[in-house]
Amino acid sequence: MNFLNGPVDNMTGNPIEIIDKCDNLSGIIKMSKQINVTSKVRFRTLLTYGVLCMIGLIIPIVFC
C-alpha cells in the first residue's frame, strides 16, 4: 500500500500487503513464518551476547 502517494525509496520496514479474505490460512502461515525467523535470530543474538557477557565478567575475576 502506498499512503499519501509518497515515495517509498528510503522507507524501512515491511510493506503492507492486502490478503484476500478467501485465502486467510496462507496469510496466517506467512505471518507465522516471519515471526519464527525473527524469533530464531533474536534467540541466537541474545545467547551470543549473554555468553560474551559472562566471559567478560569471568576473565577479570580469574586474573585479578
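The values are calculated or read from the model by the stated rules, or taken from the named source; none is laboratory data. The structure presented is a predicted model; accordingly, all values stated were derived computationally and were not measured. Cβ placement follows ideal geometry from the backbone for every residue including glycine, while neighbour counts extend to all protein chains displayed.
For the reader, a short list of remarks on this structure follows.
- Matching residues in the stretch 21-64 - criterion: being aromatic (Phe, Trp, Tyr) and more than 17 Å from the chain's Cα centre (by Cα): Phe63
- Pairs are defined by a Cβ separation below 9 Å, a sequence spacing of at least 6 or placement on different chains, a first member in the stretch 3-24 that is surrounded by fewer than 10 Cβ atoms within 10 Å (Cβ to Cβ) and among the charged types (D, E, K, R), and a second member that is at pLDDT below 70 and assigned to a loop (DSSP other than H, G, I, E, B); the pairs so defined are Glu17/Met1.
- Asn10 fulfils the conditions (1) part of a loop (DSSP other than H, G, I, E, B); (2) at pLDDT below 70 except for a single criterion, (2).
- Contacts under 9 angstrom Cβ, first residue in the stretch 38-64 being closer than 25 Å to Asn14 by Cβ, partner part of a helix (DSSP H, G or I) and among the charged types (D, E, K, R), 6 or more apart: none
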